[in-house]
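For reference, the structure is listed below as structure tokens.
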Amino acid sequence: MSGGRGSALVVGVVVVTVALAVVFQCEVAEAATYTVGDAGGWSFNVATWPKGKRFRAGDTLVFNYNSGIHNVVAVNKAGYQGCTTPSGAKVYQTGNDQIKLRKGPNFFICTIPGHCQAGMKIAVTAV
């Protein structure tokens, strides 16, 4: 009779392992990649680009732009609203930057003088 219990335990462990693998794969498969500004890329007047999209933590935003005249900086809400860069903020400037979203609000601006004020900024909330 103890062989039956051992077999049941092995089957139970296998079922749990498979279930966890399925959950993990589903979680990984849900991450999406979005190109900011779609075909127009990271440019002026993209502030409305996130509207109607549902973002999740772990999704990737791709910022395509001319690196000679633009950049991307992840900022806090105050930096977004005032078009200012907090101390220590990372400046992306490759022209093809990929940034993973964190849960909650995510704010991005271009710090080239006048660009953020002209609408080169986005706010994205990830669930």
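Laboratory data are not the source of any read-out in this text; all were calculated from the coordinates shown. Computed from a predicted model, the values in this text were never measured in an experiment. Backbone-built Cβ (ideal geometry, glycine too); neighbour counts: all protein chains shown.
Between Lys103 and Asn66, the FRET efficiency from the beta-carbon distance, with R0 = 35 Å, is close to 0.65. Between rounded, prolate and oblate, where does segment 32-126 land on the alpha carbon gyration tensor, with a ≥ b ≥ c its root eigenvalues, rounded for a/c under 1.5, else prolate if a/b exceeds b/c? Judged from the Cα gyration tensor, segment 32-126 comes out rounded (a/c under 1.5).
With the cut-off at 1.5 for a/c, could you classify segment 31-86 from its C-alpha gyration tensor as rounded, prolate or oblate? Display every interim value, and only then the final one.
Details: a/c = 1.63, a/b = 1.17, b/c = 1.40.
Since a/c reaches 1.5 but b/c is at least a/b, the shape of segment 31-86 is classed as oblate.
3J(HN,Hα) along segment 73-89, derived from phi through the Karplus expression 6.51 cos²θ - 1.76 cosθ + 1.60 where θ = phi - 60°, amounts to 9, 7, 10, 8, 4, 5, x, 5, 5, x, 6, 10, 9, x, 4, x, 5 Hz, with x in place of Gly and Pro.
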